[in-house]
Amino acid sequence: MKLFIRHLIESIYSVAVTYMIGRWGVNMAYLERGYKALGGEFLLIPIAYMIAWGAIHYFIDALEETANEMFIQEKEK
């Protein structure tokens, strides 16, 4: 269950960040061109997802490692 919640948090965070960056990229491209079109700004979306997922994954790993170290220190006392 703990692993499921971790993956759920990672996915929700990654999708939210990707959505915001994707909207920004598409809007900036529209402002630059002056018309709607499909272009390189859509390459930003999968890249943003991978970076966001990697960042939150690293953050959660660091939190779990810190919690485990604190637990071990408390156990040794």
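Read-outs: derived from the displayed coordinates by stated rules, not from any lab. From a predicted model like this one, the values you see are computed outputs, not experimental measurements. Cβ sites come from the backbone with ideal geometry, for glycine too, and all protein chains shown count toward neighbours.
In the chain, the longest principal axis of the Cα atoms and the axis of helix 2-33 are about 20 degrees apart. In the chain, one over the average inverse separation of all distinct C-alpha pairs is 14.8 Å, which is the Kirkwood hydrodynamic radius. The peptide list 12-21, 56-65, put in order of mean Cβ contacts within 10 Å with the highest first, becomes 12-21, 56-65. So for the chain, taking the charge dipole from beta-carbon charges (+1 Lys/Arg, -1 Asp/Glu), which of ILE12, TYR49, ALA37 sits furthest toward the positive end? Value: ALA37. GNM on the chain, alpha-carbon springs under 10 angstrom: the most fluctuating residue among GLY39, GLY25, GLY54 is GLY39.
Determine the dipole magnitude for the range 2-76: charges of +1 sit on the beta-carbon of Lys and Arg, -1 on that of Asp and Glu, nothing else is charged, the reference point is the Cα centre, and the result goes in debye to the nearest 20. List each step's numbers first, then the result.
Working: 6 positive and 9 negative charges, 118 e Å.
Here the size comes out at about 560 debye.
Compared with the dominant principal axis of the Cα atoms in the chain, helix 44-76 is inclined by about 10°.
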